[in-house]
Amino acid sequence: MPKASDTLWDLAIAEVEKRENPDDDGKRVEVWEKSILFMGNKNGGKTTIILRCLEREEISKPTLALEYTFGRRARRHNTPKDIAHFWELGGGTSLLELIRIPISSNNIRSFAIVLVLDLSKPNELWTTMEKLLQVTRNHVNKILTKLEKTNPEVATEIKQRMWNNLQRDHPDYELVDPFPIPLVIIGSKYDIFHEFDSEMRKIISKTLRFVSHYYGASLVFTSKSEALLLKARVLINHLAFGYDKSKSVSVDHSKPLFIPAGLDSLSQIGPPPASDSDIGKMRANTPLELWKKVFEKTFPPKSFCDLQDTKDPAQDLQYVEYEVDIMRAQKNQELEQYKRNASKSWKEMDLDSD
């Protein structure tokens, strides 16, 4: 209610604020701000998925290292726009150390991961998934350990939140190990994958269903098809802008999978696709390790070194800049000279052995 002492200017300011930040009762609306890190196979389609989510008609280009963009959405007419920060890690598994840049104690409560796995390269699939999730989880756990000392309420909230996707009466409640922050796994290039032998498709699909369920993640298969990209957008928009979760489920291995977090079960997924005698010979300490051994029996993994084979962007001819390259060459020479001098000085030192 305006006061008698309000000037015309006060009333004008109040009206503008009401129009820009209205709620049902005129109260200020809090802006939603989330962050998502996209990572996965090199050339797996991460950039294309981001552009579709942001409804941008741009031609995707290879991501060199760590790239950033953002999107804005209004929940209702005349309300402030929510913000979603989109980070993309390029280079497959070759730039793992960059994961710690976007994820910090300041944004951990509002952070999520989208892991894009190239279904057309099953021999790279497990190694890529394992390395990226392992490094991310270790980094997040370090942040949570610090938070337990500085802000234990927040740390507890984050840990408890990841169990919310699974009801306490779910039969698998004691058998899974949810990822510490929200996770969506996208199987890309379904159009190529669909041409695989049916048994191969079944093994890959069942394995990804198990991994997703074990980590409390959502799973969706997609391609350049607008219909499939739309399904991926549904899951990502839920993370980015709080849109409603989809309750539809598709677990048919002959079709693209779509399984929101918490809507699958180990009984529906079934045992690892191997004979009882083969499973009996495999030594594994956890269900995840057993599925890994079964999967890699059919799809022997590429070595980690092969997956790290990424060209140095500084040597790429399309990024030639004369002045910068001259300066870089000079600095490289200075560095080599420093190394030689340092090595020489160490050798010439008369170290006392006593």
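The values are calculated or read from the model by the stated rules, or taken from the named source; none is laboratory data. Nothing here was measured: the structure is a model prediction, and the numbers come from that model. Every residue, glycine among them, receives a Cβ derived from its backbone with ideal geometry; neighbour counts consider all protein chains shown. Ligands, DNA and RNA are excluded from the accessible area calculation, which covers all protein heavy atoms including side chains. Shrake-Rupley method; radii C 1.70, N 1.55, O 1.52, S 1.80 Å.
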accessible surface per residue for the range 98-200, probe 1.4 Å, DNA/RNA/ligands not counted, whole Å² -> 48 Å²
The set of residues whose placed amide H lies less than 5 Å from the amide H of Leu219, leaving out same-chain residues fewer than 5 positions away, is Ile185, Ile259, Ala261
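Please work out the FRET efficiency for the pair Ser250 and Asn151, using the Cβ-Cβ distance as r and a Förster radius of 45 Å; give the result to the nearest 0.05. Please report the intermediate quantities before stating the final value.
Numbers: r = 40 Å, r/R0 = 0.88.
So the FRET efficiency works out to roughly 0.70.
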Per the rule of 0.36 nm per residue minus the C-alpha distance, extending Glu67 to Glu321 adds in nm 89.4 nm
HN-Hα couplings for the range 234-242 via Karplus (6.51, -1.76, 1.60; θ = phi - 60°), in whole Hz with x for Gly/Pro, come out as 4, 5, 6, 5, 5, 5, 7, 10, x
Of 51-57, 273-279, ordering from highest average Cβ density within 10 Å down gives 51-57, 273-279
For the Glu97, Lys202 Cβ pair and Förster radius 41 Å, calculated FRET efficiency rounded to 0.05 is 0.70
The ³J(HN,Hα) series, computed from each phi in the range 35-47 with the Karplus coefficients 6.51, -1.76 and 1.60 at θ = phi - 60°, rounded to the nearest Hz and given as x for glycine or proline, is 10, 9, 9, 9, 8, x, 4, 5, 6, x, x, 4, 4
Quick calc: nm separation of the 7 Å Cα→Cβ label points for Ile59 and Glu226 -> 2.1 nm
